[in-house]
Each structure stands twice: as C-alpha cells, then as structure tokens.
Amino acid sequence: MKAMKEAADTFASMSYPEVVDSMWRLDIPKALSDVVESLMGAVLIDSGYDYELAREIGLKLLKEPLEYIHPQLPDDPIHEFLKWVGKFGCGQVRFR
C-alpha cells in the first residue's frame, strides 16, 4: 500500500507525457496495473459481459494516457541499448 501511494503521489505531480516518457525509470508497483485490470473485469462481469459498455468505460478511464501513447513512441533507453547490443550478437547484459 505504501508503494502504491508513493507511485500515485508521483504520478499526480506529473503530466501524462512525463509519466509515459519516464515510465522506465519509475519503480511502479505491479499492484497498480492489477487494480485497473480488476476494475475492468468487475465492470465486464457486473454489466452481464456487455463488452461495448466495458470498452466505453475503459476508454473513459484511460482517455488521457491513450491520447499520448502511440505505436511510434520510442523505447526507453534500456530497451534501446539492449536492442543495439543484440545486433552485435550479445545475448547477455549486466547492469551495475
């Protein structure tokens, strides 16, 4: 709970683009995505498996972040580095 509150406080002080751009360096508790997934599952079940209603609610819930996220969004620096070293046959990388 403490980690979730700290993450929520951090997110509250940032814009959606800032959150997405710095996601790779934030230590986000998996429980936060679990909460969203559970909420959407509850909406789907409670609506009698009305996919369109669950989709509409999900889109409203995620409207602002989805306006910023797109397929051309660059990878974070760590993934860019791993792809780069992979081109040269390096299959294992250690960070210190």
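The values are calculated or read from the model by the stated rules, or taken from the named source; none is laboratory data. As the structure is a computational prediction, the values presented were derived from the model and not from experiment. Positions of Cβ are generated from backbone atoms using ideal geometry, with glycine treated the same way; all protein chains shown enter the neighbour counts. We work out accessible area using only protein heavy atoms, side chains counted, and drop any ligands, DNA or RNA first. Shrake-Rupley method; radii C 1.70, N 1.55, O 1.52, S 1.80 Å.
What to note about this one:
- Distance between the pseudo-spin-label points of residue 45 and residue 96 (7 Å out from Cα toward the beta carbon): 4.9 nm.
- For the chain, calculated [θ]222 nm from helices alone, where every DSSP H run of n ≥ 4 adds -39500 (n - 2.57): -19000 deg cm²/dmol
- Longest stretch of the chain clear of exposed loop sites (chymotrypsin sites (Phe, Trp or Tyr not before Pro), DSSP loop, at most 10 other Cβ atoms within 10 Å, sites excluded): 1-48.
- Cβ-based charge dipole, the stretch 11-71, positive-most Cα from 57, 71, 47: 71
- Of all accessible heavy-atom area on the chain, the percent that carbon and sulfur account for (1.4 Å): 60 percent
- When +1 charges are put on Lys and Arg Cβ atoms and -1 charges on Asp and Glu Cβ atoms, the dipole computed for the chain relative to its Cα centre reaches about 560 debye.
- Pair residue 9, residue 85: separation of 7 Å Cα→Cβ label points (nm): 3.4 nm
- For the chain, the solvent-accessible area with a 1.4 angstrom probe is 83 square angstrom per residue.
- In this structure residue 39 has an accessible area near 90 Å², from a 1.4 Å probe over the protein heavy atoms.
- With all protein chains in place and ligands, DNA and RNA left out, the 1.4 Å accessible area ranks 76, 46 as 46, 76, largest first.
- With viscosity 0.692 mPa s and temperature 37 °C, the Kirkwood radius over alpha carbon pairs of the stretch 35-89 converts through Stokes-Einstein to a diffusion coefficient of 236 µm²/s.
- Links that overshoot a 29 Å alpha carbon limit, given the list 30/63; 5/63; 2/60; 30/83; 5/87; 63/87: 5/87; 63/87
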